[in-house]
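Enquirer: Sharing a structure with you now.
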Amino acid sequence: PEQQDALKDRIKALLVEHNAVLVAHYYTDPMIQELAEETGGCVADSLEMARFGKEHSATTLIVAGVKFMGETAKILTPHKRVLMPTLEATCSLDIGCPADEFAAFCDAHSDRTVVVYANTSAAVKARADWVVTSSIALDVVDHLDKQGEKILWAPDKHLGAYVQKQTGADVLLWDGACIVHEEFKAKGIEDLKTLYPEAAVLVHPESPQAVVDLADVVGSTSQLINAAETLPNREFIVATDQGIFYKMQQRCPDKIFHVAPTAGSGATCRSCANCPWMALNALDNLAAVFERNDNEIFVDPALAEQAMKPLARMLEFKK
Ligand code: 13P
Ligand code: SF4
C-alpha cells in the first residue's frame with residue numbers, strides 16, 4: 001500500500017505537470033478509477049469517455065482502457081496527445097474484425113447501411129456510416145430502421161442480435177464476440193437466482209441471448225450502474241466485467257452484488273468476468289506513461305478524417 005500511495009502521488013504530480021487528464025473505463029483496476037476521480041478525470045462507459053476527452057481542455061489525454069478507446073480519442077481530438085498505459089490492451093471484437101475482410105463484407109452488401117460498434121479499429125470505423133456504443137446502439141438502429149434502411153452490423157453478433165430482436169430491423173451480422181461476456185451462462189444465473197430470489201439481473205448486451213433473456217435490465221456499463229442505483233432491489237446478479245463493482249458499490253454501499261457465473265470460473269479462466277486487456281492497465285505503467293516512447297496513439301490522418309464522420313454522427317445523435 002505504501003508503494004501504491006507513492007505511485008498515485010507520482011501520477012497526480014505528472015498529470016498536473018503535463019496538463020494531462022485521466023480518462024478511465026469502468027473495467028479498469030479500482031485504483032485507477034479512484035485516481036481518475038480524485039484528479040478531475042472521468043470514469044465512464046465508452047461513449048462518455050469519448051465525449052469527456054473531446055470536451056476537456058487538457059492538452060494530453062491518458063486513456064486507461066483498451067486501444068479502440070485511445071484511437072477514438074485521437075480521431076476526435078487530433079490536436080491532443082493521447083497516451084495509454086500500454087498499447088497491448090486490445091479487444092477480441094477488434095481482433096475479430098480485420099479491416100480488409102470487413103471491407104470485402106461491406107462491398108458484398110453495398111445496399112446496407114454500415115453500423116459498427118465502437119470496439120473496432122480506426123480502419124473499420126473509416127468504412128462505417130455509423131459508429132455506436134452499447135448505450136445508443138438500439139436508438140440508432142431503430143432510427144435507421146424507421147427510415148427504411150437495411151443494416152450491416154459488426155462486429156459483435158450478440159449485441160447485433162439483441163438490437164435486431166428489439167428493433168425488428170433487417171440486420172446482417174458479422175460473426176464476432178467478446179471473450180469475456182460470451183462466458184456467462186444462463187444456467188448458472190438461473191441457479192444463482194434460486195439462491196437469491198430477490199436479486200435483479202443486470203446484463204451487458206455483449207452477452208449471449210440466453211443470458212440477455214434472463215435480464216431485468218440490459219445496458220451499457222453506465223446504464224447498468226444507474227439501474228443498480230435506481231431499482232428498489234437490494235441484491236443484484238451482474239453479467240459484465242467485475243471492474244464495474246467498484247462504482248456500483250460506491251454508489252450503492254448498502255446493496256449486494258454477485259458476479260454472474262461463467263463456464264470455467266475459478267483460477268483456470270483468466271478472462272472470466274475480467275477482461276484480460278483491461279487488466280493490463282496498472283498503476284506502474286500509468287506512472288511510467290510519460291517516460292516511454294511506445295505508448296502514444298497515432299492514427300493515419302486520412303483514415304482519421306474518414307472515421308471522424310461516423311463518430312461525429314454518433315456524438316451528435318444523442319446528447
Ligand atoms: P460500454 O460502452 O458499455 O462501457 O462497453 C464497452 C466494452 O468494452 C464492454 O465490454
Ligand atoms: Fe473487448 Fe470484451 Fe474486453 Fe470489452 S470486455 S474490451 S468487449 S474483450
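The values are calculated or read from the model by the stated rules, or taken from the named source; none is laboratory data. None of these values were measured; they are calculated from a predicted model. Every residue, glycine as well, gets a Cβ built from its backbone with ideal geometry; the counts of neighbours run over all protein chains shown.
Enquirer: Considering every residue within region 145-157, establish whether at least one is away from ligand 2 (no atom under 16 Å from the Cβ) and part of a helix (DSSP H, G or I).
Expert: In the first step, residues of region 145-157 are kept if they are away from ligand 2 (no atom under 16 Å from the Cβ); the result is 145-152.
With the extra rule that they be part of a helix (DSSP H, G or I), the set shrinks to 145-146.
So far as region 145-157 goes, yes, one or more of its residues are away from ligand 2 (no atom under 16 Å from the Cβ) and part of a helix (DSSP H, G or I).
Enquirer: Just checking: which of the helices (runs of 4 or more DSSP H) contained wholly in region 72-140 hold 3 or more residues that are free of Cβ contacts under 8 Å to residues at least 24 places away in the same chain and away from ligand 1 (no atom under 16 Å from the Cβ)?
Expert: 99-108
Enquirer: Still on this structure, I have one more. Count, please, the residues in region 47-63 that happen to be in contact with a His (Cβ under 7 Å, 6 or more places away or on another chain), closer than 19 Å to Tyr117 by Cα and either part of a strand (DSSP E or B) or in contact (Cβ under 8 Å) with a residue 40 or more places away in the chain (or both).
Expert: Number of matching residues: 0.
Enquirer: Restricting the search to region 78-115, which residues are among the hydrophobic types (A, V, I, L, M, F, W, C) and closer than 24 Å to Leu280 by Cβ?
Expert: Val82, Leu83, Met84, Leu87, Ala89, Cys91, Leu93, Ile95, Cys97, Ala99
Enquirer: Checking the structure you have, find out if any residue of region 265-285 is within 20 Å of Leu195 (Cα to Cα), surrounded by fewer than 20 Cβ atoms within 10 Å (Cβ to Cβ) and modelled with pLDDT under 95.
Expert: So far as region 265-285 goes, yes, one or more of its residues are within 20 Å of Leu195 (Cα to Cα), surrounded by fewer than 20 Cβ atoms within 10 Å (Cβ to Cβ) and modelled with pLDDT under 95.
Enquirer: Cβ-Cβ distance below 9 Å, separation of 6 or more or different chains: which pairs start in region 7-25 with a residue that is more than 28 Å from Met248 (Cα to Cα) and end on one that is hydroxyl-bearing (Ser, Thr, Tyr) and part of a strand (DSSP E or B)?
Expert: As it stands, the answer is His18/Thr60; Asn19/Thr60, since those pairs meet every condition given.
Enquirer: In addition: With the structure loaded, tell me whether Asp170 is closer than 30 Å to Ala103 by Cα, touching a residue at least 24 places away in the same chain (Cβ under 8 Å) and more than 16 Å from ligand 2 (Cβ to nearest atom) or whether it fails that test.
Expert: When the stated conditions are applied, Asp170 passes them.
Table: residues versus (1) more than 21 Å from the chain's Cα centre (by Cα); (2) away from ligand 1 (no atom under 16 Å from the Cβ); (3) under 30 Å from His143 (Cβ atoms); (4) outside the structural domain of Ser135 (by TED's automatic domain parsing).
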position	(1), (2), (3), (4)
Ala228	no, no, yes, yes
Arg234	yes, yes, no, yes
Asp241	no, no, yes, yes
Gln249	no, yes, no, yes
Lys255	yes, yes, no, yes
Asp294	yes, yes, no, yes
Lys318	no, no, yes, yes
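Enquirer: A further question on this structure: With a cut-off of at least 2 residues that are touching a Cys at 6+ places or on another chain (Cβ under 8 Å) and over 25 Å from Val114 (Cβ atoms), name the helices (runs of 4 or more DSSP H) lying wholly within region 173-239.
Expert: Result: 221-230.
Enquirer: Mind checking which pairs have a first residue in region 275-294 that is over 14 Å from Ala24 (Cβ atoms) and a second that is of a type in the set (Phe, Trp, Tyr) and in a loop (DSSP other than H, G, I, E, B), Cβ under 7 Å, 6 or more apart or different chains?
Expert: none
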